[in-house]
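In what follows, a structure is listed as structure tokens, so that the remarks can point back to it.
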Amino acid sequence: MKDIESAVKAAGESVRAGAEMIELRVDYLENLSKGEVVKLVCAARESIGATVPVIVTCREKKEGGAIEYPDKLRVETLCEAIKAGAEFVDFEFANFLETTYSEKLRAALLSKTDCRLILSAHNFKSKFENPEQIYEQILKVYPKAIPKLVYKANHINDCFAAFDLLHNTRGKRIIFCMGEAGLISRILAKKLGSMVTFASIDEGKGTAPGQVTLEKMMQLYRCETISSETEIYGIIGSPVGHSLSPAIHNACFEKIGANKVYLPLWVDGGKNEFDLFMQNIINRGWLGFRGLSVTLPHKHNAIEFVKENGGEVEKLAERIGAANTLVLDVDGKVKAYNSDYAGALDAITETLGIKRTEMRDMRAAVIGAGGVGRAIVAGLKDVGAKVKIFNRTIEKGAKLAGEFGCDFGGLDDIDTREEDLLVNCTSLGMYPKTNDMPVAASILRKETAVFDTVYNPIETRLIKEAKMIGARTINGAEMFIEQAKLQFKLFTGVEADSELMRQIVYEKLKSKKH
Ligand code: NAP
């Protein structure tokens, strides 16, 4: 914040939103002086009350500071902040090695023994080569320091060095990763004993790359409830930022009072990166990973990993060749499931008000032979339905049909006269091309129920046209909710609150910026 007034306002808002500590970044002040810093600390204290600790930081530009101020002035302002009652001041470890600066800070701290010095080291490009060594050096130079090590994670797998350092050290310390790939470290820092984790007040107002907003920290990840015992769940994918899963699983965890948190796990890359991520979490049982949802592009990698590592694979998941749910036990054994096919079957039976046994001999036309098509064909065949597959790419569709013993045709062959159910497993109709349809409206008929797996928008043109002629319809959001319910049961052993899930999914999908 550029001036005292807005900095104090922001501090007050943050505390009201749940912040347990406030950092005043005085390097953002346009007119930095000793007097301004004293005014700011006093005004902030008055606004946030006596019980919320204050960190004062005047960061050097090359370590992420906002305005380039002389080191001498930065040290003097920190000394004034100590006198004015800040509980913590943060100074760069590299600059603390300069005797004139360290002497001044040490003297100021001697006169105010309740203030602690945070000595920080940053790497804005990548991991530290030897974080343990930096940590030890900090404590050797100033044993009363709180070491702070922050580095950029260029991949989620870079976060594990921070977790190891937190796990292997004790006492007050601050360790986490910057960047989008470091997101989980900001949340798990709390579980592993980091003194603080940093959040920004608003999107775009963060003081470091990859900062999560305070609102997300408090409401989505329920950061105040995270403890060393918290079990970790999440969705592995790339990209994963758009996923609805963290919102629904966290809300349902909260509803049953479970000490669990569900995170987006952005595992960029292919099988190697996926395998490394899995090994990283399995080798660190103390992290407490217990369950994973898996989305594109890792559903096949997930099943391969479990097979290669002696885990159990649900029979139909193996046949489909993809797993979207992994459950980990305390010994690191992994079980793989596919809740996509089961979720699709549940969406059909729930919406049509029938039992799975009543799907035997149901005649179904499935359009599409990609990942979702494959899962739905496997599910329909498993309950005894008679399935015809239609696909744009003939070889791909014919191959799938051959594998599961189905009839096959090209897109021009689709005819619903003999079908009880038509399922769209292509992306046709999905935003932004919401006018597209996988079939002409003229071939729809009242007697054939229509299931569109596309859920953005919730009501696709195919669903609208089918409704218009009085056909029963099943939308993709219902499939998404059913598969999430099955995952939740696998993760917790109890049923999810399906109405809560439905409310969140519909709310989020309707508010999506199309
Ligand atoms: P995928 O593996 O890429 O398969 C896409 C399928 O769509 C293929 O059969 C492809 O045909 C066909 N297709 C794509 N563009 C087409 C076009 N212009 N004309 C005709 N056919 C076309 O994708 P996926 O993972 O199966 O996902 C498919 C859709 O399912 C997604 O778009 C998403 O909306 C939906 N989905 C829903 C849920 C849920 O829970 N409801 C979950 C995941 C996905 P070719 O073989 O000829 O390329």
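The values are calculated or read from the model by the stated rules, or taken from the named source; none is laboratory data. Note that the structure is a prediction, hence the values are computed from the model and not measured. Cβ coordinates were reconstructed from backbone atoms using ideal geometry, including for glycine residues, and neighbour counts include every protein chain displayed.
Overview of results
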| quantity | calculated |
| --- | --- |
| Extreme residue, nearest to the chain's Cα centre (by Cα), among residues of the stretch 439-454 that are buried (at least 20 other Cβ atoms within 10 Å of the Cβ) and of a type in the set (S, T, N, Q) | T453 |
| The stretch 422-435 - residue that is assigned to a loop (DSSP other than H, G, I, E, B) and under 12 Å from E465 (Cβ atoms) and, of those, nearest to the ligand (Cβ to nearest atom) | G429 |
| Sole exception among (1) in contact (Cβ under 8 Å) with a residue 24 or more places away in the chain; (2) touching a Lys or Arg at 6+ places or on another chain (Cβ under 9 Å) for E20, by number | (2) |
| Looking only at the stretch 80-115, and only at residues there that are of a type in the set (A, V, I, L, M) and in a helix (DSSP H, G or I), the one that is nearest to V41 (Cα to Cα) | A81 |
| Exclusive hit being under 26 Å from R502 (Cβ atoms), more than 12 Å from the ligand (Cβ to nearest atom) and not polar (S, T, N, Q), set E403, E358, E419 | E358 |
| Condition broken by R392, with the remaining ones in (1) buried (at least 16 other Cβ atoms within 10 Å of the Cβ); (2) within 15 Å of the ligand (Cβ to nearest atom); (3) at pLDDT 95 or above satisfied | (1) |
| Residue ID - farthest from E395 (Cα to Cα), chosen from residues in the stretch 335-380 that are hydrophobic (A, V, I, L, M, F, W, C) and part of a loop (DSSP other than H, G, I, E, B) | I354 |
| Count - residues of the stretch 260-304 that are more than 17 Å from G371 (Cβ to Cβ) and in a helix (DSSP H, G or I) | 13 |
| Top-ranked residue in the stretch 321-350 [being touching a Lys or Arg at 6+ places or on another chain (Cβ under 7 Å) and within 13 Å of the ligand (Cβ to nearest atom); ranked as farthest from F305 (Cα to Cα)] | L345 |
| Filter result (under 20 Å from L428 (Cα atoms), part of a helix (DSSP H, G or I) and either within 12 Å of the ligand (Cβ to nearest atom) or in contact with a Gly (Cβ under 9 Å, 6 or more places away or on another chain) (or both)) within the stretch 458-511 | R461, L462, I463, G476, A477, E478, M479, F480, L509 |
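The rows are residues; the columns are (1) more than 30 Å from the chain's Cα centre (by Cα); (2) part of a loop (DSSP other than H, G, I, E, B); (3) modelled with pLDDT under 95.
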| residue | (1), (2), (3) |
| --- | --- |
| M1 | no, yes, yes |
| A7 | no, no, yes |
| A10 | no, no, yes |
| C42 | yes, no, no |
| L78 | yes, no, no |
